[in-house]
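Trainee: One structure coming up, written as structure tokens, with questions to follow.
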Amino acid sequence: MRLLVTGGAGFIGANFVHQTVRERPEVQVTVLDKLTYAGNRASLDPVADKIAFVHGDVADAELVDRLVADSDLVVHFAAESHNDNSLANPAPFVQTNLVGTFTLLEAVRKHDVRYHHISTDEVYGDLDLDDPARFTETTAYNPSSPYSSTKAGSDLLVRAWVRSFGVRATLSNCSNNYGPYQHVEKFIPRQITNVLTGVRPKLYGTGRNVRDWIHVDDHNSAVWTIIDKGELGQTYLIGADGEADNRTVVETVLELCGRNKTEFDFVTDRPGHDLRYAIDATRLRTELGWRPRYSNFREGLAATIDWYRSHEQWWMPHKQATEAAYSRTERVLG
Ligand code: NAD
Ligand code: DAU
């Protein structure tokens, strides 16, 4: 089976490629990645001799047409993925997340290739902190940020290509991932590497915003479950019941690193900051029989801290520039 993975040099895509090479040796993997600031060839070093790598853009129609024609399955991870960046400059989000997805859809339509679309729970907007509800496959779309609105738009393109052209596609919307190879701009790696470099973790606003954490390997095992057993045209929510507020996460990171739980700063809040995400993954569990392997967030976090401790050469080159960018807008609150 010939598999094309877009965005395979990014956080989730690289872990997906590792898992696929490890567990499905019969699959021939080709990665298409533009190697933006978020892409890192080194994330694929452990599998470099087992895959093909193409440096290119998902919005390059000629290149995408050629690669899709040679594939049996496309899994589309490539995206501009960081909310804070989308607030500073939305343009690449529109280009990659919308035009890039459109370009892939046209190619899979032409060559009748099976397609899986990776998306986010952020398309549903946010929930109140005291609302017992969780997102389901029927929750109305209500995205808040330039990032989440372009992801929502890309999902709608996929649904339209399924209905109008019979494209053979499935979609998944997952909650917040954590684990190895995540860029230091994101919340958990940022705080871990802050502590490891003697900097105080930074909490936006009150620190009470809630995210629903899932280990990246669980996200990726769910993606394979959907590809293997999911119904064409359908959407599946992926989550592992990992709700935690940001302050609790920072305190746990500090504690696991042997530091005092109070050694963090509150900083200026993200504009339009979504309050809470929470996934109800009943459909994935009951219809497809998927189960997460990482049920203990604290243990998964401890393993992730160990990974960052032992892979300083992977993240250190990006740390200074990332913090310099944050310091242009971020102010410590009194
Ligand atoms: P990431 O930013 O770590 O990686 C994105 C990858 O896409 C990078 O390797 C980058 O070089 C590549 N890329 C960007 N623009 C490209 C283009 N035009 N052409 C080809 N490659 C391009 O992102 P991530 O966190 O791994 O997220 C992967 C996917 O999963 C995204 O679609 C994201 O919306 C979705 N998602 C992420 C999370 C999360 O918690 N990180 C949760 C749910 C869904
Ligand atoms: O829900 C899935 C989404 O999760 C994905 O679609 C996105 O690609 C991914 O980036 C993530 O979005 P978030 O905005 O939730 O993740 P981020 O890591 O940027 O922030 C997580 C929470 O932590 C959020 O409430 C903002 C807060 N935060 C973030 C940073 C970087 C802080 O308090 N301090 C920080 O320094």
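The values are calculated or read from the model by the stated rules, or taken from the named source; none is laboratory data. Bear in mind the structure is a predicted one, so any value in this text is a computation, not a measurement. We place every Cβ from the backbone using ideal geometry, glycine too, and count neighbours over all the protein chains shown.
Trainee: Filter the range 276-288 for residues that are among the aliphatic types (A, V, I, L, M) and either assigned by TED's automatic domain parsing to the domain that holds residue 124 or surrounded by 19 or more Cβ atoms within 10 Å (Cβ to Cβ) (or both) and give the result. Reasoning before the result, please.
Mentor: Residues of the range 276-288 that are among the aliphatic types (A, V, I, L, M), as a first pass: 278-279, 281, 284, 288.
Within the range 276-288, 278, 279, 281, 284 qualify.
Trainee: Ok, one more. Please go through (1) free of Cβ contacts under 8 Å to residues at least 60 places away in the same chain; (2) over 23 Å from residue 334 (Cα atoms); (3) assigned to a loop (DSSP other than H, G, I, E, B) for residue 262 and return the number of the only condition it doesn't satisfy.
Mentor: (2) is the only condition that residue 262 fails.
Trainee: So which residues in the range 211-225 are among the β-branched types (Val, Ile, Thr) and surrounded by 22 or more Cβ atoms within 10 Å (Cβ to Cβ), if there are any at all?
Mentor: Of all residues in the range 211-225, those among the β-branched types (Val, Ile, Thr) come to 214, 216, 223, 225.
Hits for the range 211-225 are 214, 216, 223.
Trainee: Checking the condition out of contact with any helix residue (DSSP H, G or I) (no Cβ under 9 Å at 6 or more places or on another chain) and over 25 Å from residue 278 (Cα atoms), which residue from 99, 113, 64 passes?
Mentor: On the way: 113 fails: out of contact with any helix residue (DSSP H, G or I) (no Cβ under 9 Å at 6 or more places or on another chain); 64 fails: out of contact with any helix residue (DSSP H, G or I) (no Cβ under 9 Å at 6 or more places or on another chain).
Among 99, 113, 64, only 99 is out of contact with any helix residue (DSSP H, G or I) (no Cβ under 9 Å at 6 or more places or on another chain) and over 25 Å from residue 278 (Cα atoms).
Trainee: Of everything in the range 287-334, what is within 16 Å of ligand 2 (Cβ to nearest atom) and small (Gly, Ala, Ser)? Give them in sequence order.
Mentor: 300, 321, 324, 325, 327 - these are the residues of the range 287-334 that are within 16 Å of ligand 2 (Cβ to nearest atom) and small (Gly, Ala, Ser).
Trainee: Step by step: first the residues of the range 234-269, then only those that are of a type in the set (Gly, Ala, Ser) and within 16 Å of ligand 1 (Cβ to nearest atom), then the one that is farthest from the chain's Cα centre (by Cα). Which residue is that? Reasoning before the result, please.
Mentor: Filtering the range 234-269 down to residues of a type in the set (Gly, Ala, Ser) leaves 239-240, 242, 244, 258.
If we keep only those that are within 16 Å of ligand 1 (Cβ to nearest atom) as well, we get 239-240, 242, 244.
Details: 239: 12, 240: 14, 242: 15, 244: 18 Å.
By that ranking, first place goes to 244.
Trainee: Right, another one. Out of all the residues in the range 233-259, which are surrounded by 15 or more Cβ atoms within 10 Å (Cβ to Cβ), among the charged types (D, E, K, R) and not in a strand (DSSP E or B)?
Mentor: Result: 241, 247, 251, 259.
Trainee: So residue 167 clears everything in (1) away from ligand 2 (no atom under 14 Å from the Cβ); (2) aliphatic (A, V, I, L, M); (3) in contact with a strand residue (DSSP E or B) (Cβ under 8 Å, 6 or more places away or on another chain); (4) outside any loop (DSSP other than H, G, I, E, B) except one condition, right? Which one?
Mentor: Of everything listed in (1) away from ligand 2 (no atom under 14 Å from the Cβ); (2) aliphatic (A, V, I, L, M); (3) in contact with a strand residue (DSSP E or B) (Cβ under 8 Å, 6 or more places away or on another chain); (4) outside any loop (DSSP other than H, G, I, E, B), residue 167 misses just condition (4).
Trainee: Listed residues 192, 118, 188; which is modelled with pLDDT of 95 or more, on the phi < 0 side of the Ramachandran plot and more than 14 Å from ligand 1 (Cβ to nearest atom)? Walk me through how you get there before you give the answer.
Mentor: On the way: 118 fails: more than 14 Å from ligand 1 (Cβ to nearest atom); 188 fails: more than 14 Å from ligand 1 (Cβ to nearest atom).
When all the criteria are applied, what remains is 192.
Trainee: Does the range 307-320 include one or more residues that are within 23 Å of residue 147 (Cα to Cα), surrounded by 13 or more Cβ atoms within 10 Å (Cβ to Cβ) and of a type outside the set (A, V, I, L, M, F, W, C)? Let's see the steps before the verdict.
Mentor: To start, the set of residues in the range 307-320 that are within 23 Å of residue 147 (Cα to Cα) comprises 318-319.
Applying the additional criterion that residues be surrounded by 13 or more Cβ atoms within 10 Å (Cβ to Cβ) yields 318-319.
Remaining after also requiring of a type outside the set (A, V, I, L, M, F, W, C): 318-319.
Looking through the range 307-320, at least one residue is within 23 Å of residue 147 (Cα to Cα), surrounded by 13 or more Cβ atoms within 10 Å (Cβ to Cβ) and of a type outside the set (A, V, I, L, M, F, W, C).
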